[in-house]
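Student: Got a structure for you, written out below as C-alpha cells; questions coming shortly.
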Amino acid sequence: SVQRAKKVFALDAFLTRRWQNFCKMFTDGSAGEQTPMILDIPSPIEAPRTLVTIEKNETAYSQIVETIATGHKVFVSYPYKKTMEVFVDAIGTFLARDPRWKGTFTRGIDFEYYNADVADKTKKELADVNEHWSKYKLIVTNTVLTAGVSYTVPDVDEVYLFAASFSKPRDLIQVSYRCRALSSRKVFICHLPSPPQEAFQNDASLIERDVF
C-alpha cells in the first residue's frame, strides 16, 4: 500500500495543490523525511506536438476525409453526443464519394465512436484500446474517455479537437495525448458554434456545398 511504501512517484502534467495535500495525509514523521518533493522537468527544446487552429469546421471535415482517404488514421475529440453520429455519417458520406477510398465505411470495422449513450459492449472497448483501436481508421469520442485511457500503438497520424463553449483547456490537453504516438506531430483544434442544436442538422449538404 501507499502507507508502507518507502517512496512514491507520481508523474503527471497537472500536479496541483490538491495532490500535495493528498500526499501529506500519509505522512506522520515516523519514517524520517516524508515531505512531498516536486521535480520541475524543463520543457523539451523542440515541442513534441504542434497545435494548429482551423477556423471553420467545414475545413476540419475536409481535412479528416483527406487524411482517411489517403490511408491514414485520425483520432477526434467531439463534444456533442447528440450530433456525434451525424458527424461520423457526414465523414462516411464524403469518403464514399472519394475515388481513393475503396469499399464501405462501416462502424465496428473502419471506425467507432464513444459517448455516454453507446451500447455497453462498445464502452467496454475503452478498457483495452490497444486491442480495439488498432483496426479503426477513425476514432471519435467525447468526455466519456477518461484520463486513464492510453493508446500506445504508433499508427495514429492526426488528432482533431472540436471545442465547444463548455470545453475546458485541461480536458482538451489531456485528450490530445490519449494517443501517445502521433506521426504528423500535429493536433488540430476547431471551435464549434454554440448552441449546437441545429448547427449540424444538414451537415452533409452544407459541407458538400462549401467544401467539395
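The values are calculated or read from the model by the stated rules, or taken from the named source; none is laboratory data. Since we're looking at a predicted model, the values are computed, not measured. Cβ sites come from the backbone with ideal geometry, for glycine too, and all protein chains shown count toward neighbours. Side chains included, ligands, DNA and RNA excluded: accessible areas come from the protein's heavy atoms. Shrake-Rupley method; radii C 1.70, N 1.55, O 1.52, S 1.80 Å.
Student: Considering only Cα-Cα distances, which of the following residue pairs are longer than 32 Å: 56/121; 102/123; 56/137; 24/186; 7/137; 73/123?
Tutor: Beyond 32 Å: 56/121; 24/186; 7/137.
Student: May I pose another question? Residue 98: accessible area at probe 1.4 Å, nearest 10 Å²?
Tutor: My reading of the accessible area for residue 98 is about 20 Å².
Student: Compute, for segment 120-194, the length of the dipole vector about the Cα centre, with Cβ point charges of +1 (Lys, Arg) and -1 (Asp, Glu) only. Units Debye, rounded to 20.
Tutor: 120 debye
Student: Would you kindly state how much longer the chain becomes between residue 89 and residue 104 on full extension, computed as 0.36 nm times their sequence separation minus their alpha carbon distance, in nm to one decimal?
Tutor: My answer for the length gained is 4.2 nm.
Student: Related question: Can you list the HN-Hα couplings for segment 65-76, worked out from phi with the Karplus curve (6.51, -1.76, 1.60; θ = phi - 60°), rounded to whole Hz and with x for Gly and Pro?
Tutor: With the stated coefficients, segment 65-76 comes to 4, 4, 5, 5, 4, 8, x, 9, 10, 10, 10, 10 Hz.
Student: Any idea what diffusion coefficient segment 41-182 gets from Stokes-Einstein, in µm²/s, Kirkwood Rh on alpha carbon pairs, 4 °C, 1.567 mPa s?
Tutor: It comes out at roughly 82 µm²/s.
Student: In nm, to one decimal, how far is the modelled label at residue 70 from the one at residue 184, with both set 7 Å along Cα→Cβ?
Tutor: For the pair residue 70/residue 184, the computed spacing is 0.8 nm.
Student: Tell me, what HN-Hα J-couplings in whole Hz come from the Karplus equation 6.51 cos²θ - 1.76 cosθ + 1.60 at θ = phi - 60° for each residue of segment 47-62, using x for Gly and Pro?
Tutor: 4, x, 9, 10, 8, 10, 8, 10, 6, 10, 5, 4, 5, 4, 4, 4
Student: Explain nothing, just compute: Karplus ³J(HN,Hα) = 6.51 cos²θ - 1.76 cosθ + 1.60, θ = phi - 60°, for every residue of segment 121-129 in order, whole Hz, x for Gly and Pro.
Tutor: So the Karplus estimates, Gly and Pro as x, are 4, 5, 4, 5, 4, 5, 6, 8, 5 Hz.
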